[in-house]
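Read through the structure below, which is laid out as structure tokens, and then see the notes.
Just so it is clear, none of the values below were taken in a lab; they were calculated from the coordinates. As the structure is a computational prediction, the values presented were derived from the model and not from experiment. Reconstructed Cβ throughout: ideal geometry from the backbone, glycine too, with neighbour counts over all protein chains shown.
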Amino acid sequence: MKIGLIGFSGSGKSSLAEIAKRSGFRTVDTDMSLIERYGVGEFSSIIDREKDFRSMESEVIKDALNSDAQIIAFGGGFHRSHKSFENVASSSMKLIYLRTDFDDIVERVKDRPLFLKLGIEKYRVLFEERMPLYAGCADFTVDS
Ligand code: S3P
């Protein structure tokens with residue numbers, strides 16, 4: 001059985017996965033996998049080449065789903081690749097949505113490149129668009 005952590009950037013998915021890892025669980029953080037496989041330069045492609053980023057992301061997601069990982073932390077935009085979304089949604093894993101208030105999110109991500117690129121109002125639109133999507137595919141929701 002696998003558990004997937006979903007939610008917006010800054011909701012605590014990576015932190016929770018890190019705690020689980022230190023506690024002995026087999027974990028994958030798909031953002032970290034992408035950096036390890038393609039390099040930090042390619043990770044930055046989210047800023048101006050989203051299509052390339054999503055195609056690399058869908059590869060690491062596919063591998064994470066096929067691995068023996070018990071807990072997988074997905075990037076906040078995993079659903080933006082249709083293939084990734086289908087793979088995650090059709091897997092038998094339990095998805096936990098880490099739900100966080102927008103103001104808390106902003107406090108946590110204010111120095112991250114995507115936030116700096118979009119600015120607060122576009123970032124809010126993204127947040128509002130995505131909340132129902134996370135809630136719709138989650139098996140459980142936890143306020144974080
Ligand atoms: C993204 C979220 C990021 C990362 C990339 C794109 C997004 O992951 O995958 O910057 O589209 O919201 P986190 O949710 O782990 O920050």
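For region 17-24, in order, what is each residue's ³J(HN,Hα) by Karplus, 6.51 cos²θ - 1.76 cosθ + 1.60 with θ = phi - 60°, in whole Hz (x at glycine and Pro)?
Going residue by residue, I get 5, 5, 5, 4, 4, 5, 8, x Hz, with x marking Gly and Pro.
What's the percent breakdown of Cα-Cα distances in region 27-108 across 5 Å bins, shortest bin first?
3, 14, 25, 24, 17, 14, 3, 0
If a paramagnetic tag sat 7 Å from the Cα of Ser67 along the Cα-Cβ line, which residues of region 41-60 would have the backbone N under 14 Å from that point?
Within reach of a label on Ser67, which here means backbone N under 14 Å from a point 7 Å along Cα→Cβ, region 41-60 contributes 57-60.
Quick one: if you stick a label point 7 Å off each Cα along the C-beta vector at Glu42 and Ser15, how many nm between them?
3.0 nm
Which of the residue pairs Lys2/Lys122; Lys13/Lys117; Lys21/Lys122; Lys2/Lys117 have a Cα-Cα distance greater than 31 Å in the structure shown?
Where the Cα-Cα span goes over 31 Å, the pairs concerned are Lys2/Lys122; Lys21/Lys122; Lys2/Lys117.
Ranked by Cβ crowding within 10 angstrom, fewest neighbours first, how are Asp63, Asp111 ordered?
Going from least to most buried by this count: Asp111, Asp63.
Once each part is reduced to its C-alpha centroid, what is the distance from region 77-141 to region 10-55 in angstrom?
Using only Cα atoms, the two centres lie 14 Å from each other.
From the phi angles alone, apply the Karplus equation (6.51, -1.76, 1.60; θ = phi - 60°) to region 96-105 and give each ³J(HN,Hα) in whole Hz, x where the residue is Gly or Pro.
The phi angles translate into 10, 8, 8, 8, 9, 5, 4, 4, 5, 4 Hz.
Starting from the amide H of Leu5, placed 1.01 Å from N in the peptide plane, find each other amide H under 5 Å away whose residue is 5 or more places distant or on another chain.
Ile72, Ala73, Phe74, Ile96
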